[in-house]
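Enquirer: Quick one: the structure is below, and I'll ask about it shortly.
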Amino acid sequence: MFIILLYLIIIVNNYNITTGVFINNIENIDPLPYNNKNIQEKEPDMKKLKISLICLLCLLMTACGNEFAKREYDSDKKISQPEDHYAKESSVFKPIDGGYSLTVSKFNGRQTLWTETFEENQNLEINFSFRLSKGLAKIVHIDRNGIVATVIECSPDTSASGFVTKTVPIKSGQNRLKIVGYDCENIDLKMLFGEL
């Protein structure tokens, strides 16, 4: 990716706006002055080149947009970090009676959905309804020591229409639930908590 960006910068820097040609080095530049008419005629060519390069860069960024999420999907070290790292589109996360609801049209990365501090160890029952049409996603529990445990994992093949109950061993101190995924489309998640 870096090499492509460097190549694009070199191309733009070697484009002579007054002549409309690429130059190999400074010695090839004609020192004769150009009138404003010639410069104005060549400006649209430079604008087209810049627009083309920007479009190419956007395509490259889109194609590489989920690579970080694929690399980090199984990395407990990355997942346990307090910072979230994600890219998503059309997302709605809201409280519902007894829990939370999340809908996302596209998702890559990791995002904290729930954080709670407990006085003592206990088991917490959570009812999950978890569906998606593409990709791979999971809900993980992270305890105060940064230990990551997968609570439920979902792919298009394992999407369920009903609720599944999971028992999460909660430790005293801070506990978090995160969604982690890559190439995800049309996520529909509901989490309903038992007594806290």
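The numbers here are math on the coordinates, done by the rules we state, and not lab data. These numbers come from a predicted model, not from an experiment. Glycine also receives a Cβ, built like all others from the backbone with ideal geometry; neighbour counts cover every protein chain displayed.
Enquirer: Tell me the residue from G173, G162 that is touching a residue at least 24 places away in the same chain (Cβ under 8 Å) and out of contact with any Lys or Arg (no Cβ under 9 Å at 6 or more places or on another chain), please.
Expert: Only one candidate qualifies: G162.
Enquirer: Check V168 against each of (1) under 23 Å from A87 (Cα atoms); (2) crowded, with 17+ Cβ neighbours inside 10 Å and name the one condition it does not meet.
Expert: (1)
Enquirer: To continue, here is another question. When residues of the stretch 110-156 are filtered for being closer than 12 Å to I187 by Cβ, under 20 Å from the mean Cα position of the chain (by Cα) and not hydrophobic (A, V, I, L, M, F, W, C), how many remain?
Expert: Final tally of qualifying residues: 8.
Enquirer: Right, here's the next one. Provide a single number: the residues in the stretch 169-182 that are closer than 14 Å to K138 by Cα and of a type outside the set (D, E, K, R).
Expert: 5
Enquirer: Using the structure shown, decide if I187 is closer than 16 Å to K88 by Cβ, touching a Leu at 6+ places or on another chain (Cβ under 8 Å) and hydrophobic (A, V, I, L, M, F, W, C).
Expert: When the stated conditions are applied, I187 passes them.
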